[in-house]
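K.L.:
Please see the structure below; I have some questions.
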Amino acid sequence: MTDKALHVLKEVFGYDRFRTPQDLVINNLVEAKDVLVVMPTGGGKSLCYQLPALLRNGTAIVVSPLIALMQDQVAGLSQLGIRAACLNSSLDFVIQTEVEQAFIRGQLDLLYVAPERLLQPKTLSLLQQGTIALFAIDEAHCVSQWGHDFRPEYLNLPKLMAEFPHVPRIALTATADGRTRDEIVSRLYLREAQVFIQGFDRPNIRYRIGQKNRAREQLLAFLNQEHQGNSGIVYCLSRKRVEETAAWLQEKGLNALPYHAGLPPQLRQHHQHRFLTEDPIIMVATIAFGMGIDKPNVRFVAHLDLPKSIEAYYQETGRAGRDGQPADAWMVYGLQDVIFLRQMLEGSQAEEQFKQIERQKLEAVLGLCEITSCRRQMLLAYFGETDHKPCGNCDTCLEPVPQWDGTEAARKALSAVYRTGQRFGVNHIIDVLLGSVTDKVKDAGHQRVSTWGIGKELNRNQWRSVFRQLVARGLLEVDSEGFGVLHLSEKCRPILKGAESIMLREDKREKQAGYRKERAPQQKLDADDHKLWERLKVLRKRLADDQDVPPYVIFHDATLMEMVMYRPATSDQLHKISGVGERKLALYGDDFLEVIRETSTDDRSPDLQAQESVTLFKAGMSVAQVASMQRLSEKVIYGHLAKGIAKGELSVEEVVELPEAELRHIQQVILDCQQRFGQALRPVHEALAGVYDMGLLACVRQGLEQQ
């Protein structure tokens, strides 16, 4: 099996070797054994079921929770020549019927289905009519009722065992602690499942958590200093904050979009499509965004509010740096975050057992925020990996946090809460400690309590830091009614009685300079290599736009970088580049080889080349003759002529030289396809049975735009 799997890996997916433990997972699945796979985002989970789907008889059924994720996967697999489709509510009746018939006839390698649709009687009946190679359950942590992303429909998936007892199943997730892993195996009835845990470390991500002080301005400084021209995600807790932050970033000249569950579905889909296909772009979102997002060059994930658990934080930050290049996980949090999350938890109607687990999760994420040792060590230890040394790539490693003996300050803070009757919020308590004479202090008579004015050695921000840490450690509790009132907890008694001391972290002052930023490989290129890098990206973007897919679906940045480094001159040499399989070599090989040759031998700018092509064509040369003269392909020359049409230097009739009726037919097909598929040319090419060159179709489309 190994030789066959390696052959498929290279010829279809374009890679020479498996990552650990992909080969072991694939072996088990091909041998019809159930498997649970825990791999970090970007670790290659999808290949673990996509490749076995090509080795086993029948169609792999992939359970996927999001329509956008399905569509993205199907688009990527189609580029590889793999027969993939999906069944979801976005399909019209005709296409849905075509997909169902293709499955019954055995003409699909993979079929993506949402969990709620999969278990409908109609779908189960459909599956009985075909041959199933395997079931792949993606985002399997959604089955855990104690997890951060529970989805009730996942609880019904064990029915697959009853309906199809001999079909192997693979469950996959990037985020699962020991409790969640056990629950996945138990709830999905995985039989004697082999469990593969690749590890949770994402060494290319730099973790940074700071104190919140005018969060939007802090975010803007972070973006301007360290991520100009980069794409990323900004997470906020509320829909209102999402929309306000996105609008504010737009006012500052950044390409930012909002995303949350309250937006119309079509607008959400449009914004997600833009995020996948544009660079640079920033998505400001609630946790409704991100699951299954495969954009590899997300350079940062920022949190303006505190996540509810380490699992949520790990999964959300894991969307950065999927390409393995340096990325940032940046967060600011403050006392109000702690108060808000505790209020939400204590005020919920959930059962006490659930609330207790949620308290533990919140304590863990607060501990991550307040820790003074390596953040990565604590993060990995939470998931059971305790053998890691300090990473040297988080804020607490790069700039160790000073601590101070906060015992006396803690006693004063706790005493002030007690002396004011445990009926006030933090701002009022700080006013009392500082000896302020506000209307509220006077009305309550608190200028006469023994703790009034005893805290003048610290300023207001320092006291807020003290209270934040006391609440984070559970020495103070927050009233669940939503007014931010502080109460003493049982845990504070030893501090008040002098039986225990407490060390507090000293919050760092905001700095103007950012951390030293790790440079991605493309930033280390010389001038000639950088020119080729940019031209390859332009070509990739044009090909992606023609087919209405994200650029990384054509080739990942890492593949383009190998092209720059090795400059292949033949198809065989290009085929050896990682990520170039047979299908992509056939589809795009000539285009990329031409750009490489052109950049290596010709110093003329693309605009100058295009102008020369238009001049030669207007002088009476055919497209073939211009291509020969310019030492370029006819497809590239058609692209030059399309630019000439856009500038009004040529008419579409001059360029395409087709009978009027034939030209009108092509134009009508383009208009029809634009209504269904947007600007992509691939559907037009297919609707016309592949008779016309894509370059010629681009010229006709350009002519329509000029009308």
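K.L.:
Explain nothing, just the number: relative contact order of region 612-707, from Cα pairs under 8 Å at least 6 residues apart, as a whole percent. Present the calculation step by step, with values, prior to reporting the outcome.
P.N.:
On the way: 85 pairs, mean separation 32.4, N = 96.
Here the relative contact order equals 34 percent.
K.L.:
Using only Cα atoms, find the angle between the long axis of helix 407-419 and the longest principal axis of the chain, and express it within 0 to 90 degrees, rounded to the nearest 10.
P.N.:
Roughly 70 degrees between the two axes.
K.L.:
Using 0.36 nm per residue of separation minus the Cα-Cα distance, give me the extension gain between Gln349 and Asp607 in nm, one decimal.
P.N.:
Numbers: separation 258, 0.36 × 258 = 92.88 nm, distance 6.44 nm.
Roughly 86.4 nm would be gained on extension.
K.L.:
Quick one: which residues, 5+ away or cross-chain, put their amide H under 5 Å from the amide H of Ile170? H built at 1.01 Å from N.
P.N.:
Residues meeting the amide H criterion: Val35, Phe135, Ala136, Ile137.
K.L.:
Of Ile554, Leu220, Ser633, whose Cα points farthest to the positive end of the dipole of the chain (charges on the beta-carbon: +1 Lys, Arg; -1 Asp, Glu; origin at the Cα centre)?
P.N.:
So the residue furthest toward the plus end is Leu220.
K.L.:
Once the Cα atoms of helix 634-646 and of the chain are each reduced to a long axis, what angle between those two axes, in degrees from 0 to 90 to the nearest 10, is obtained?
P.N.:
Roughly 70 degrees between the two axes.
K.L.:
Explain nothing, just compute: Karplus ³J(HN,Hα) = 6.51 cos²θ - 1.76 cosθ + 1.60, θ = phi - 60°, for every residue of region 316-321 in order, whole Hz, x for Gly and Pro.
P.N.:
5, 5, x, 7, 8, x
K.L.:
Based on alpha-carbon centroids, what's the gap between region 3-45 and region 412-474 in Å, whole number please?
P.N.:
For region 3-45 versus region 412-474, the Cα centre distance is 59 Å.
K.L.:
Now for a separate question. Quick one: which residues, 5 or more positions from Val195 or on another chain, have an amide H under 5 Å from its amide H? H modelled 1.01 Å from N in the peptide plane, none for Pro or chain starts.
P.N.:
Leu36
K.L.:
Next question, about the same structure. To the nearest 0.05, how large is the calculated FRET efficiency for Ala646 and Ala527 if R₀ is 30 Å and r is the Cβ-Cβ distance?
P.N.:
Efficiency at R0 = 30 Å is approximately 0.55.
K.L.:
Find the relative contact order for region 403-505 and round it to a whole percent, using C-alpha pairs within less than 8 Å whose residues are 6+ positions apart.
P.N.:
Normalised by residue count, the contact order of region 403-505 is 39 percent.
K.L.:
Across region 547-552, in residue order, what do the Karplus-derived ³J(HN,Hα) couplings come to in whole Hz, using 6.51 cos²θ - 1.76 cosθ + 1.60 with θ = phi - 60° and x for Gly and Pro?
P.N.:
Rounded to whole hertz, the list is 10, 6, 10, x, x, 5.
K.L.:
Then there's this: Take the alpha carbon atoms of region 553-578, find their center, do the same for region 633-692, and report the distance between the two centers in whole angstrom.
P.N.:
Taking the Cα centre of each part, region 553-578 and region 633-692 sit 29 Å apart.
K.L.:
What ranking, highest mean first, results for peptides 629-642, 392-405 when packing means the other Cβ atoms within 10 Å averaged over each residue?
P.N.:
In descending order of packing, they fall as 629-642, 392-405.
K.L.:
Which FRET efficiency value, to the nearest 0.05, do you get for Arg216 and Arg19 by plugging their Cβ-Cβ distance into 1/(1 + (r/R0)^6) with R0 = 35 Å?
P.N.:
Taking R0 as 35 Å, the efficiency between Arg216 and Arg19 is 0.35.
K.L.:
Tell me the angle of helix 239-251 to the major Cα principal axis of the chain, expressed in degrees between 0 and 90 and rounded to the nearest ten.
P.N.:
Approximately 60 degrees, to the nearest 10.
K.L.:
At a Förster distance of 60 Å, what's the computed FRET efficiency of Gln360 paired with Arg597, Cβ-Cβ distance as r, to 0.05?
P.N.:
For Gln360 and Arg597, the calculated efficiency is 0.50.
K.L.:
When only Cα pairs under 8 Å and 6 or more residues apart are kept, what is the percent relative contact order across the chain?
P.N.:
Numbers: 1096 pairs, mean separation 79.5, N = 707.
Reported as a whole number, the value is 11 percent.
K.L.:
Can you grab the distance from the C-alpha centre of region 313-356 to the C-alpha centre of region 257-272, Å, no decimals?
P.N.:
So the two Cα centres are separated by 22 Å.
K.L.:
Continuing with this model, one more query. Skipping prolines and chain starts, which residues have an amide H placed within reach, meaning under 5 Å, of the one on Gly210, given they are 5 or more residues away or on another chain?
P.N.:
HN-HN under 5 Å from Gly210: Met331, Val332, Tyr333.
K.L.:
Taking θ = phi - 60°, what integer Hz values does the Karplus form 6.51 cos²θ - 1.76 cosθ + 1.60 yield along region 335-348, in sequence order, with x for Gly and Pro?
P.N.:
Karplus values, whole Hz, x for Gly and Pro: 4, 5, 4, 4, 4, 4, 5, 5, 4, 4, 5, 6, x, 6.
K.L.:
How far is it, in nm, from the label point at Asp590 to the one at Gln129 when both lie 7 Å from their Cα along the line to the Cβ?
P.N.:
If labels sit at Asp590 and Gln129, their model points lie 4.0 nm apart.
Bear in mind these aren't lab numbers, they're just calculated from the coordinates by the rules spelled out. Not measured: the values here are computed from a predicted model. Here the Cβ is made from the backbone with ideal geometry for all residues, glycine too, and neighbour counts use every protein chain on show.
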